[in-house]
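Written below as structure tokens is the structure these notes are about.
The values are calculated or read from the model by the stated rules, or taken from the named source; none is laboratory data. Here the structure is a predicted model, which is why all the values come from computation and not from measurement. So basically every Cβ, Gly included, is an ideal-geometry build from the backbone, and we count neighbours across all protein chains shown.
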Amino acid sequence: MRHEKAGRLLELARLLASTAEGLTLDEMAERLGVGRRTAERMRDAVREVFPQLEEVDDPPTRRFRIPAGLDGLFQAPTAEELAAVNAAAEMLAAQGAHARAGALRSLEQKVLSATRAAARRRLAPDLEALLQAETIAVNAGPRPFEDEEVLATIREALKSMSRLRFRYEGGSTPGRVREVTPFGLLFGRANYLVAQEDADGGPRNWRLDRIHDVGVLEAAAVRPDGFSLQDYADESFGIYHDAVQDVVLEITPEGAEDALRWRFHSNQRVEPKDDGAVMVRFRASGMRELAWHLFTWGDKVRVVAPEILRRTLLVEIETARRCHASGSDVGAA
């Protein structure tokens, strides 16, 4: 068996060992990027090596899994994988996300402790070389708030599908005690709990650094059918949610190369023009955050639509102009 084919079969075996409910043939094909017939042949080859592969009836189809997992012999990490985990932990720590950084470091230690001694000795030189040769360039920005106790309590409520009570030092009535149905956590430039307070209201973002005295209630949390945290996050350019707009941006030929590699939004469509410019279209809310971002493009971008984005950008530009013009006058005096 060729090395590449053996590697692909081991990849499939790991997928089948990492799922509790199992994978269908179509799901195997999608994960591996192959056709259904190829996935079927690979499944049969995996069965020859791992006879513990079992079938689970899930009408109208069948699922396959390796319920007992794989022996550590097949699970030794690579130096590149361990370096990536280490880099991710360092990046989170540099951003102030110490709770998640600690979770990654704990995972790294568990992986190493489960790795055979001979494999660890082989990994050590390459891993040390990568750790010395790679580092993270930290971008300027706010340090997100991550309190381990707050995060742990919110996650407990999310796992048990229970309501939360906390004192919120924000909004129009700071210090008011809230009882909410938690939907999830948004991590970014600032960290938020997404939750619904009133049955008739929609989800709202609650800043984690303003949440105090948080506790899990015994009351069950009933979430709306079909709610997707990812879809909710994708509605906005950043964190703030307001009316969804059809955004159209024209990037000049001078900025086209960057625009073709840039991700403005998850649902964006990028269309090169004959003159070398690029049109970018997407639907999103959060026009103020988008206006802030467009500052970084200088004269390489023009807002075609919506009008509210163009006006917001003009207001932000004028605010910055007045501030800096005033500063210049004071300095000159």
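Where in segment 177-287 are there strands (runs of 3 or more DSSP E), lying fully within it, with 3 or more residues that are over 25 Å from E148 (Cα atoms)?
Hits in segment 177-287: 245-251, 269-272, 278-284.
Filter segment 185-217 down to the residues that are of a type in the set (G, A, S) and surrounded by fewer than 17 Cβ atoms within 10 Å (Cβ to Cβ), then identify the one that is nearest to T153 (Cα to Cα).
Within segment 185-217, the match that is nearest to T153 (Cα to Cα) is G215.
May I ask you to verify whether T319 is surrounded by fewer than 18 Cβ atoms within 10 Å (Cβ to Cβ) and of a type in the set (S, T, Y)?
Answer is yes for this residue.
If you check A291, A259, A233, A220, which single one turns out to be small (G, A, S), surrounded by 12 or more Cβ atoms within 10 Å (Cβ to Cβ) and either in the same structural domain as R165 (by TED's automatic domain parsing) or in contact with a Phe, Trp or Tyr (Cβ under 9 Å, 6 or more places away or on another chain) (or both)?
Being small (G, A, S), surrounded by 12 or more Cβ atoms within 10 Å (Cβ to Cβ) and either in the same structural domain as R165 (by TED's automatic domain parsing) or in contact with a Phe, Trp or Tyr (Cβ under 9 Å, 6 or more places away or on another chain) (or both) holds for just one of A291, A259, A233, A220, which is A259.
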